[in-house]
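The values are calculated or read from the model by the stated rules, or taken from the named source; none is laboratory data. None of these values were measured; they are calculated from a predicted model. Because the Cβ atoms are built from the backbone with ideal geometry, glycine has one as well, and the counts that use them run over all protein chains shown. Ligands, DNA and RNA are stripped out before the accessible areas are found, and what is left, the full protein with its side chains, is counted by its heavy atoms. Shrake-Rupley method; radii C 1.70, N 1.55, O 1.52, S 1.80 Å.
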Amino acid sequence: SPDVAETPRELGSGGAGSSAALARQGGAEPGGLVQCGGRWSHLSADSSFARLSAPRPPQPCFPPSPGLPAPLSAAASNNAKVAVLGASGGIGQPLSLLLKNSPLVSRLTLYDIAHTPGVAADLSHIETRATVKGYLGPEQLPDCLKGCDVVVIPAGVPRKPGMTRDDLFNTNATIVATLTAACAQHCPEAMICIISNPVNSTIPITAEVFKKHGVYNPNKIFGVTTLDIVRANAFVAELKDLDPARVNVPVIGGHAGKTIIPLISQCTPKVEFPQDQLTTLTGRIQEAGTEVVKAKAGAGSATLSMAYAGARFVFSLVDAMNGKEGVVECSFVKSQETDCPYFSTPLLLGKKGIEKNLGIGKVSPFEEKMIAEAIPELKASIKKGEEFVKSMK
């Protein structure tokens with residue numbers, strides 16, 4: 001099935017740790033360990049994947065513990081069982097590749113309504129430790145989900161030129177409701193990460209479905225907005241000639257148009273822009289998904305950058321589940337930070353999902369105005385999702 005698109009950084013380490021060939025490609029001697037993505041890898045520090053996985057500087061409120069992490073081993077804590085629902089699509093395939101490449105993942109189960117046996121066979125030939133199996137069609141979905149720790153859902157239809165994320169609602173709402181109902185039945189304790197658009201509605205749908213099944217836990221249901229943060233980091237770095245791996249811009253609110261609220265005033269390192277440039281930058285971050293949709297000219301929406309962002313969020317979540325402290329990511333979740341029942345803010349992640357909502361923090365008058373303007377649209381999208389589930393038989 002085709003995928004939908006758009007939606008602080010630590011992709012899993014360069015993977016194939018035992019591969020001398022890969023190590024040589026990266027310019028490292030076989031067996032030479034380098035720190036990469038907060039973990040240890042046999043890739044050299046200047047290899048392309050090591051740069052991709054460069055550790056994000058910690059948020060100032062959660063300083064790193066002293067000392068370097070121990071070299072990676074196949075410890076029990078690095079045994080995450082992850083399912084991707086919609087694994088054959090434009091986001092699902094590259095997302096599955098990044099997950100397969102991570103030493104954090106021990107089992108990868110892939111579900112879709114077409115092509116998953118082929119995708120799984122292809123990925124299974126990669127020399128990393130995660131086992132891979134494909135599941136095809138609704139009758140195989142329960143087996144795909146059993147025992148999962150994390151479920152990532154990019155399933156649905158993508159945007160085409162001229163479409164808003166909300167135009168996807170009718171098709172994707174049904175898909176998300178069906179898939180999350182299966183999650184509620186077969187892996188009710190798993191972390192659920194929703195990529196399928198419109199996220200502002202599909203997260204309320206997921207919550208209502210879990211409530212119907214009596215297994216709702218608001219600390220374990222996440223709308224993946226990470227691509228907005230990734231884009232903000234990239235665009236700010238480009239304008240200020242900074243290393244994007246060292247830039248962190250919190251993005252709050254929702255995941256569509258003007259509900260996407262980048263807090264440039266909270267950027268680390270501190271940056272300043274004239275108001276006209278700030279307005280243009282903010283608009284570009286908000287409409288970056290449309291930028292890609294137009295550039296692809298009908299051939300899809302943001303798939304590769306979304307796969308990267310989805311993987312980044314999953315790795316942060318698994319790190320926190322494994323007991324790593326100070327892991328912070330923004331996500332669209334059940335919230336009491338505003339009078340919207342769901343809202344994206346920076347979250348401290350822990351072993352059981354959300355450990356603490358870090359809130360909005362201090363914002364500029366420009367950002368405060370954006371928040372006020374976003375709330376009516378957010379409330380309408382949330383209500384639309386909730387009403388959809390109530391109207392289901």
Q: Could you provide, to the nearest whole Å², the per residue accessible area of the range 225-382 with probe 1.4 Å?
A: 40 Å²
Q | the range 177-270: GluC sites (Glu not before Pro) in DSSP coil with no more than 16 other Cβ atoms inside 10 Å | A | 189
Q) Given H placed on each backbone N at 1.01 Å, which residues far from residue 86 in sequence or on other chains put an amide H within less than 5 Å of it? A) 111, 112
Q. Hey, can you rank 143-151, 124-132 by average C-beta count inside 10 Å, highest first?
A. 143-151, 124-132
Q: Step through the table entries 100/356; 211/334; 324/352; 100/220; 211/390; 212/384, compare each Cα-Cα distance with 20 Å, and write down the pairs that go over it.
A: 100/356; 100/220
Q | Accessible area of the range 225-382 belonging to carbon and sulfur atoms, whole % at 1.4 Å probe | A | 55 percent
Q: Using packing as a proxy for protection, rank 333-343, 84-94 so that the peptide with the highest average count of other Cβ atoms within 10 Å comes first.
A: 84-94, 333-343
Q. Which whole-angstrom value gives the distance between the alpha carbon centres of the range 331-371 and the range 269-309?
A. 21 Å
Q. So for 115, 213, 255, what's the accessible-area order with a 1.4 Å probe, most first?
A. 115, 213, 255
